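Engineer: One structure, pasted below without further comment.
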Amino acid sequence: MKKILNISVVSMLLAASLASCDMDAPNKSSLEGDVVGYTYKLAETAVMGIHQSFGETNSYRGRFLPYYGLNTDVEMINVPSASKTPDGGKNDLTAYNATPNNTQMNTENNAYAKFYEGVERANKAIADIREYGDPENRPEMAQLLGEAMTLRAILYLDLIKGWGDVPYRFEPLTSATIYQERTDRDVIYKRLLDDLKEAEDLVYWPNANDITRSTERVNKAFVKALRARVALYAAGYSYRSDKTVRRSNDPELSVATLYPIVRDECLSVINQGCNTLGTFEENFRLLCQDDVTAGKESLWEIPFSDGRGRVLYTFGVEHSHADQYTAQNKGGVNGPLPNLYYDYDVEDVRRDITCVPYQWSNSNDAVQELRTVKEWCFGKLRYEWMNRRVTSTNDDGVNFQYMRLADVYLMAAEAINELEGPSAAAQYMRPILERALPVAKVAALMAQYTASKEAFFNGIVEQRAFEFAGEMLRKADLIRWNLIDEKMAEAKTRMQQLRNREGAYADLPEYLYTKTIGENIIIYGLNHGDTDDQGKALEAEGYERSKSKWLGEEKITDDLIDGLYVNTPSTHAYWPIWQTFVDKSNGTLNNSWLGF
């Protein structure tokens, strides 16, 4: 039976934990002068148990990945609806309206519980490896120790992202530590920064040993990049328990202290050269093809077996039928905002990969067919890019890419701009632009961005949107920049302008014109400057006008726009700890700072 961590009343888990100390590891007397009794296999099995907590039904797989990170100024659940909030479920989770009784989350086996299950497994593995594994003299044990510490750091970083201040648990549970209050996130951030500093000295660079040949296992490049991400978050803004939005008051977590860490860790990864940027499309094709070879753009992925994980199910292009590409009729659960496609430069290669206006039809031999403007698909992940069939009705087995090298470049650029100015930072933004845009447009953007420190920061904000849309990084970025309220309000304005064909969208036609060649749809009317007159002329070449207007109030409704958020995002960005855990916490947990 799998253990389920109830973070408040955990008598059974505590008993199991205490018992497992005797079952899993030899006692000290049997190991005096020798650590052979604690084998690598025992230690690796314990670390793999941490991975299991990532893939449980209601952990990352079915609760955290589908909902955390939505809605933003580039991403949304398909489709938001003000009339469905409060609904106690999915819309509330994404519309900054979650309550402690949320029907999707208020269960004992949801993501919050599973993350702490993983933390407890990591704590146990770390304690055993330190005591019995002799990591100081056994490099293979040091690798596992660093891996366990890193997995724990991932879980804690995502706990903070989801719930703000959370209980601090960095030792195996005892009877004295069952009930714990929330701990200020600054305390946890500092522990994570220290842990990751230790871990990066324990693990190998990508491809330096058999373990780090796979992106499913922790390597030094990823640990350094993760430490940089933690430092950025810790130095940033967030809603605090004193009901203010602010940076940390701790000088150890100031921008002046932490941004040099971001710079140095990112440059270490870049200069080591163990990972390389390929083309933008290649990274996602490799992900869909289960290519976990280390050394490419991917730094680390949450691993899912073939019959586990709902990554394409949630973020892929929709297939309406079990067709020639998949035995699974899903995808399209989440997508880009209707305006995002039009906000890219027309020659930006990221546009057509990120934003897809079609789905696959409801037939065995499916073809691409037009969706509506309010429900675009993300296109970075596609069943049709897989080289195997799915083996489950709702799990596709594709990994979730947690970190890629492009993020390291843009984190470096952001930190260096703050510390040294745009001229020094430019070389780390340039590679991201060069693979996305023609040379002349790269030069023009770089001239614009390097005009001042503020201009470069604005460029970072813009390019991180275009680069990472659909990868669930944007919400945390907007929070740490203290831009979430501004950008979310701007998103509503942009959607209103798009439906009315005003402002930046005034040069778009009302209709789209399509033609199907083989299984592929050809679309006219999506580019700025396209006209209905030209579309009508294409009808002579076999194009058909869409049955109804592509844009207009009946397509992008007030209900959709208002459903993007129903409360102030900056003060409602965190989920409450679910009521089931509060009720069983012996009075130690509450959500009063969130108004519950």
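Engineer: Yes or no: LYS536 farther than 30 Å from GLY164 by Cα, open to solvent by 70 Å² or more (accessible area, probe 1.4 Å) and not in a loop (DSSP other than H, G, I, E, B)?
Structural biologist: Taking the combined requirement at face value, the residue satisfies it.
Engineer: Of ASN137, ASN101, ASN109, which residue is surrounded by fewer than 20 Cβ atoms within 10 Å (Cβ to Cβ), touching a residue at least 40 places away in the same chain (Cβ under 8 Å) and more than 30 Å from THR557 (Cα to Cα)?
Structural biologist: Criteria check complete, one pass: ASN109.
Engineer: While we're looking at this one, here's another question. Going through segment 433-470 one residue at a time, which ones are under 27 Å from the mean Cα position of the chain (by Cα), assigned to a helix (DSSP H, G or I) and touching a residue at least 60 places away in the same chain (Cβ under 8 Å)?
Structural biologist: Once the filter is applied, which keeps residues that are under 27 Å from the mean Cα position of the chain (by Cα), assigned to a helix (DSSP H, G or I) and touching a residue at least 60 places away in the same chain (Cβ under 8 Å), segment 433-470 yields ALA465, PHE466, GLU467, PHE468.
Engineer: If you check TYR96 against the conditions, is it of a type outside the set (Val, Ile, Thr), open to solvent by less than 20 Å² (accessible area, probe 1.4 Å) and part of a helix (DSSP H, G or I)? Give the derivation first.
Structural biologist: On the way: of a type outside the set (Val, Ile, Thr): yes; open to solvent by less than 20 Å² (accessible area, probe 1.4 Å): yes; part of a helix (DSSP H, G or I): no.
So TYR96 does not fit the description; no.
Engineer: Is it fair to say ASP345 is surrounded by fewer than 24 Cβ atoms within 10 Å (Cβ to Cβ) and either outside any strand (DSSP E or B) or aliphatic (A, V, I, L, M) (or both)?
Structural biologist: Yes.
Engineer: Still on this structure, please answer the following. Could you pull out the residue among GLY397, GLY335 that is part of a strand (DSSP E or B), within 22 Å of the chain's Cα centre (by Cα) and in contact (Cβ under 8 Å) with a residue 24 or more places away in the chain?
Structural biologist: GLY335 is the lone residue from the list that is part of a strand (DSSP E or B), within 22 Å of the chain's Cα centre (by Cα) and in contact (Cβ under 8 Å) with a residue 24 or more places away in the chain.
Engineer: Quick one: which residue in ASP242, ASP165, ASP194 is surrounded by fewer than 22 Cβ atoms within 10 Å (Cβ to Cβ), over 24 Å from the mean Cα position of the chain (by Cα) and among the charged types (D, E, K, R)?
Structural biologist: Being surrounded by fewer than 22 Cβ atoms within 10 Å (Cβ to Cβ), over 24 Å from the mean Cα position of the chain (by Cα) and among the charged types (D, E, K, R) holds for just one of ASP242, ASP165, ASP194, which is ASP242.
Engineer: Before we move on, is LEU193 over 22 Å from TYR68 (Cα atoms) and part of a loop (DSSP other than H, G, I, E, B)?
Structural biologist: no
Engineer: From GLU347, GLU375, which residue is closer than 26 Å to LEU526 by Cβ, in contact with a strand residue (DSSP E or B) (Cβ under 8 Å, 6 or more places away or on another chain) and acidic (Asp, Glu)?
Structural biologist: GLU375 is the lone residue from the list that is closer than 26 Å to LEU526 by Cβ, in contact with a strand residue (DSSP E or B) (Cβ under 8 Å, 6 or more places away or on another chain) and acidic (Asp, Glu).
The rows are residues; the columns are (1) open to solvent by less than 10 Å² (accessible area, probe 1.4 Å); (2) under 25 Å from ILE302 (Cα atoms); (3) not acidic (Asp, Glu).
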{"site": "HIS51", "(1), (2), (3)": "no, yes, yes"}
{"site": "ASN58", "(1), (2), (3)": "no, yes, yes"}
{"site": "GLU75", "(1), (2), (3)": "yes, yes, no"}
{"site": "ASP87", "(1), (2), (3)": "no, no, no"}
{"site": "LYS90", "(1), (2), (3)": "no, yes, yes"}
{"site": "PHE115", "(1), (2), (3)": "yes, yes, yes"}
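The values are calculated or read from the model by the stated rules, or taken from the named source; none is laboratory data. Remember, it's a predicted structure, so these values are computed and weren't measured experimentally. Neighbour counts run over all protein chains shown; Cβ positions are idealised from the backbone, glycine included. Ligands, DNA and RNA are excluded from the accessible area calculation, which covers all protein heavy atoms including side chains. Shrake-Rupley method; radii C 1.70, N 1.55, O 1.52, S 1.80 Å.
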